[in-house]
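Right, one structure below, let's go through it.
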Amino acid sequence: GMGGGGMGGGGMGGGGMGGGGMDTDQQIYPIKSLNPYQNRWAIKARVSNKGNMRTWTNDRGSGKLFSVDLIDADGGEIRATMFNDAADAFGQIFEKDKVYIVAGGTLKYKNKKFNNTPHDYEITLDSRSSVRPVTDDGIIPAMNYAFCPIADISSRAPGDHVDIVGVITEVGECAQIHTKAGKDLTKRTCQLLDDSSGGSSIECTFWGQEAETFSGSVGSVLALKG
């Protein structure tokens, strides 16, 4: 049954790609090449991360937004953000780990404080954009890492985002922390070791749900992104 579904999906994907050859709107570009001076582009990308729907209210009214991080077969990565009606519409289509052809978004400089993807720009999708599920041919990776050796972390600026990988050497218990602001938070630490500079170790802290659901055990390998 599943195999059949896959085949059917393949047919659809094929149709989509065939159409792409003839229709200039659907020319697939590498994510790394996207910039605000292109007006007709499409990307074929996997959702590596799907954020939660966020709502806000201020003097000018209320609204909602949500974002997805998209990666492609060329190792490119970019964030796409949607507001209000577009957030509702595309929020139902985008699923983590699935592959889509995305077209018709606006590119603008990202705000580095909120967006730690490696791209200079981010995409805003609106009512003119299209998001089409396509068959996963397995070419696009599940995650895009740029690992920093643990030995090099001390030379990075505070607030920098890094990807690290290592072997877990120690896992702490979940602890409840009472903050000065009066909040109760769950915290858990673990030690990661890699082979940089003959063996370097660092303490990693998980908060909230991440701390509670952490399932890593001593001796297993853990990769952390951002």
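The values are calculated or read from the model by the stated rules, or taken from the named source; none is laboratory data. Source: prediction; values computed, not measured. FYI the Cβ positions are ideal-geometry reconstructions off the backbone, even for glycines, and counts take in every protein chain you see. Keep in mind that these areas ignore ligands, DNA and RNA; they rest on the heavy atoms of the full protein, side chains included. Shrake-Rupley method; radii C 1.70, N 1.55, O 1.52, S 1.80 Å.
Before moving on, here are some points about what is shown:
- Cut-off under 5 Å, modelled amide H: who pairs with Thr135 long-range: Gly13
- Taking every Cα-Cα distance in the range 155-226 and sorting them into 5 Å bins starting at zero, the pair-distance distribution P(r) comes out as 4, 14, 22, 23, 18, 12, 5, 2, 0 percent.
- Heavy-atom accessible surface of the chain: percent carbon and sulfur, 1.4 Å: 52 percent
- Projected onto planes of every orientation and averaged, the convex hull of the alpha-carbon atoms in the range 169-211 covers 3.6 nm².
- Given +1 at the Cβ of Lys and Arg, -1 at the Cβ of Asp and Glu and no other charges, the dipole of the range 80-222 around its Cα centre is 520 debye to the nearest 20.
- Tensor-based shape of the range 60-156 (alpha-carbon gyration tensor, a/c under 1.5 rounded, otherwise prolate or oblate): oblate
- Across the chain, the relative contact order, built from alpha-carbon pairs under 8 Å that are at least six residues apart, equals 15 percent.
- Cross-link table Lys44/Lys187; Lys98/Lys180; Lys113/Lys187, entries beyond 31 Å C-alpha to C-alpha: Lys44/Lys187; Lys98/Lys180
- GNM top mover of Gly182, Gly75, Gly159 - the chain, alpha-carbon springs below 10 Å: Gly182
- Choice from Leu107, Leu34, Leu185 with maximal GNM fluctuation in the chain (Cα, 10 Å cutoff): Leu185
- Note on the chain: with a GNM built from Cα contacts shorter than 10 Å, the maximum mean-square fluctuation among Ile93, Ile140, Ile101 falls on Ile93.
- Mean residue ellipticity (222 nm) of the chain, computed from DSSP H runs ≥ 4 via -39,500 (n - 2.57), nearest 500: -5000 deg cm²/dmol
- Taking the convex hull of Cα positions in the range 38-100, its mean projected area over all directions (nm²): 5.2 nm²
- Relative contact order (%) - criterion: Cα under 8 Å, at least six apart; region: the range 125-226: 28 percent
- At q = 0.07, 0.14 Å⁻¹, base-10 log of I(q)/I(0) for the chain (Debye sum, equal scatterers on each alpha carbon): -0.30, -1.05
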